[in-house]
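The structure appears right after this line, and notes come after that.
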Amino acid sequence: MPTNPGSVKKCAAQGRLAIYDVVKAGSNPLLYPVPWARDQSTSFVVTEPSMRELLAQSGFSPVSWEDETEAALLWFEDMQKK
């Protein structure tokens, strides 16, 4: 992706790409540290619309898009209880 060129890989023609990634929701800034970065300098989180656009610009068409926000929030709540 243009936001993190080191992560770009090539797929075979008609291949499939599966992504399980965090996207930014809302306009509030992220509060660091987060599980993937200590600060903003190493975090490349984009919004869902931006992710969709970046994927489209790279030639990908979505087959499925699932928002797992609720499951992730429940997981973090469970982890805080332990």
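No lab work stands behind these numbers, since they all come straight from the coordinates. Quick caveat: nothing in here was measured; it's all calculated off a predicted structure. Because the Cβ atoms are built from the backbone with ideal geometry, glycine has one as well, and the counts that use them run over all protein chains shown.
The table that follows gives values for the structure above.
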| read-out | value |
| --- | --- |
| Hits in the range 25-39 (condition: farther than 30 Å from residue 12 by Cβ and under 15 Å from the mean Cα position of the chain (by Cα)) | 25, 26, 30, 34, 35, 37 |
| Residue pairs meeting the criteria (Cβ under 6 Å; at least 6 apart or on separate chains; first within 23 Å of residue 18 (Cβ to Cβ), in the range 67-82; second in a helix (DSSP H, G or I)) | none |
| Leading residue by the ranking (surrounded by the most Cβ atoms within 10 Å (Cβ to Cβ)) among those in the range 49-78 that are within 27 Å of residue 13 (Cβ to Cβ) and charged (D, E, K, R) | 52 |
| Long-range neighbours under 7 Å by Cβ, at least six apart or interchain, first residue among the polar types (S, T, N, Q) within the range 32-52, second not in a loop (DSSP other than H, G, I, E, B) | 43/34; 43/37; 47/24 |
